1. Scan segment B:40-62 and tell me whether some residue there is facing chain A (nearest Cβ under 7 Å), modelled with pLDDT of 90 or more and within 24 Å of the chain's Cα centre (by Cα).
2. Within 14 Å of another protein chain (Cβ to nearest Cβ), surrounded by 20 or more Cβ atoms within 10 Å (Cβ to Cβ) and closer than 30 Å to A:Asp22 by Cα: is that true of A:Leu122 in this structure?
3. List every residue pair whose Cβ atoms sit under 8 Å apart, with the two residues 6 or more apart in sequence or on different chains, where the first one lies in segment B:87-104 and is facing chain A (nearest Cβ under 9 Å) and the second, anywhere, is of a type in the set (A, V, I, L, M, F, W, C) and open to solvent by 40 Å² or more (accessible area, probe 1.4 Å).
4. Taking segment B:105-124, which residues are crowded, with 17+ Cβ neighbours inside 10 Å and more than 9 Å from chain A (Cβ to nearest Cβ)?
5. I'd like the full set of residues that are within 14 Å of chain B (Cβ to nearest Cβ), open to solvent by 60 Å² or more (accessible area, probe 1.4 Å) and under 30 Å from B:Ile106 (Cβ atoms), limited to segment A:138-169.
6. Show the residue pairs meeting these rules: Cβ distance below 7 Å; 6+ apart or different chains; first residue within segment A:117-142 and over 18 Å from B:Val118 (Cβ atoms) and part of a helix (DSSP H, G or I); second residue hydrophobic (A, V, I, L, M, F, W, C) and open to solvent by 40 Å² or more (accessible area, probe 1.4 Å).
7. Scanning for something surrounded by fewer than 15 Cβ atoms within 10 Å (Cβ to Cβ) and part of a loop (DSSP other than H, G, I, E, B), does segment B:51-67 turn up at least one residue?
Amino acid sequence: MIKKIMSFVLIPIVFLSCASVDQRISFAPIDTDIPISATKQLYANGNVVTENSFQKSEAFMFTKNYSLPMKAKEGNIDVKNDINSLIKGSEFNGVTQLKFDIKDINTSSVPWVAIERDLSFLCVGFGGLALTSIASMPRSDNAYLILASSFFGAGAALLGISFIHEHFGNVDYIIDISGMKVKY
Amino acid sequence: MKIKSLALLFVLCSFFIGCATFPSNQISFDLSNNTIPVMLNTQKTEVKTKTFSLISAYTKNVISIAGNKNQPNATIANDNNEGEPLNKQLNKLFIQDPKWMMADKIDLSVSRNFIFIVGSIDKIRYQTALDIKTPIGEEK
C-alpha cells in the first residue's frame with residue numbers, strides 16, 4: 001500500500017521536476033537609410049568603399065539589455081533606432097565594423113523552476129501522507145498535525161512560486177554593440 | 001539517502017547556476033577582420049545571389065549525483081565548442097572572394113533543459129547562426 005502511495009508521489013516528481021527554455025532572437029537585417037557593414041569596408045551605391053577612403057571616423061559602443069519571457073520562443077533585437085539616433089544630426093553617413101558581443105545570457109530561472117517544483121512535491125507528498133496517517137489515528141498529537149500541515153502548506157507555496165517563476169520569469173541578455181561611425 | 005546529501009546537492013546546483021562561465025568569443029558576431037564588405041542592411045541587386053549558412057555553437061552538460069554515507073556527491077561537467085567562431089568560418093568559405101556579402105539573418109538561439117530529482121542534469125546550448133547572401137555571376 002505504502003509503495004503504491006509512494007509511486008503516486010514519485011511519478012509526478014520525476015515528470016514535473018524538469019524545466020526548459022528554448023528561444024531564438026534575431027539581429028538582422030537592419031533596415032536603415034545609411035549603409036551598415038560588419039567589416040572595415042562598405043558597399044554603397046554599387047562600389048566598395050575602403051577604410052582609406054573615409055573622410056572621418058569615430059568609434060561608438062552601447063550596451064543593450066534585453067529580456068524575453070521564459071515561455072517566449074522568438075524575439076527581435078532592433079538596433080535600427082539606436083544607430084539612427086547616433087547618426088542623426090551628425091556628419092556621418094555610414095557604419096562599419098558593427099559587432100554584437102554577447103556578454104551574458106541569464107537562464108537561471110530554468111533550474112530554479114525545477115528545484116522549486118521538486119521540493120514542493122516532496123513537501124506536499126510527505127505532508128499529505130503524514131496528515132492522512134495522523135487523521136486515521138484515534139488520538140493524534142496537535143504538534144504532529146501542525147508539523148504535517150506546515151509541510152503541506154510550504155509545498156503548496158513552493159508550487160505557487162515555481163508557477164510564478166515559470167510564467168513571469170525572464171531570460172536576460174546583455175549584448176555590447178560597437179562599431180565605427182564613418183563619413184565616406 | 002541522507003538529508004545532508006540532498007542539501008549538499010542543492011548547494012552544488014546553486015553553485016553551477018550562478019558560476020557558469022560565458023563563452024562570449026564563440027557565439028559573438030564579430031566579422032571586423034574580414035576583407036570583404038559584409039552589409040547588415042538589405043541590398044537591392046539584380047544579379048543572382050546564393051545563401052550560405054554558418055553556425056557556431058557552445059554546449060555544456062553538467063550532471064550532479066547525490067551521494068550516500070559511503071559515497072560523496074559527484075559532479076561531471078563537460079563543455080564543447082561546435083564549429084569555429086563565425087569570422088574564421090567566413091574566411092575559409094570562398095576560394096574567389098565576392099565583391100560584397102550581406103548578412104541575411106543573424107540568429108542567437110538559447111536552449112536549456114534542467115532535471116532535478118535525486119541528482120540533476122543540466123544541458124545548455126548557445127548558438128549563433130548566420131546566413132550570408134552573396135552575388136554570383138557578373139558582380140563577382
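The values are calculated or read from the model by the stated rules, or taken from the named source; none is laboratory data. Just so we're clear, the structure is a prediction, and the values are computed from it rather than from any experiment. Because the Cβ atoms are built from the backbone with ideal geometry, glycine has one as well, and the counts that use them run over all protein chains shown. What goes into the accessible areas is simple: the full protein's heavy atoms, side chains included, and nothing from ligands, DNA or RNA. Shrake-Rupley method; radii C 1.70, N 1.55, O 1.52, S 1.80 Å.
1. Yes.
2. When the stated conditions are applied, A:Leu122 does not pass them.
3. B:Lys99/A:Val48; B:Trp100/A:Val48
4. B:Gly119, the sole residue that qualifies.
5. The initial filter retains those residues of segment A:138-169 that are within 14 Å of chain B (Cβ to nearest Cβ), namely A:151, A:158, A:162, A:165-166, A:169.
Narrowing further to those that are open to solvent by 60 Å² or more (accessible area, probe 1.4 Å): A:151.
Answer for segment A:138-169, where residues must be within 14 Å of chain B (Cβ to nearest Cβ), open to solvent by 60 Å² or more (accessible area, probe 1.4 Å) and under 30 Å from B:Ile106 (Cβ atoms): there is none.
6. Close Cβ pairs (under 7 Å, with a partner that is hydrophobic (A, V, I, L, M, F, W, C) and open to solvent by 40 Å² or more (accessible area, probe 1.4 Å)) amount to A:Gly127/A:Phe151; A:Gly127/A:Phe152; A:Gly128/A:Phe152; A:Leu129/A:Ile5; A:Ala130/A:Phe151; A:Leu131/A:Phe152; A:Ile134/A:Leu145.
7. no
The rows are residues; the columns are (1) farther than 27 Å from A:Asp22 by Cα; (2) touching a strand residue (DSSP E or B) at 6+ places or on another chain (Cβ under 9 Å).
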position: A:Ala135; (1), (2): yes, no
position: A:Arg139; (1), (2): yes, no
position: A:Ser150; (1), (2): yes, no
position: A:Ala154; (1), (2): yes, no
position: A:Phe163; (1), (2): no, no
position: A:Glu166; (1), (2): no, yes
position: A:Tyr173; (1), (2): no, yes
position: A:Met180; (1), (2): yes, yes
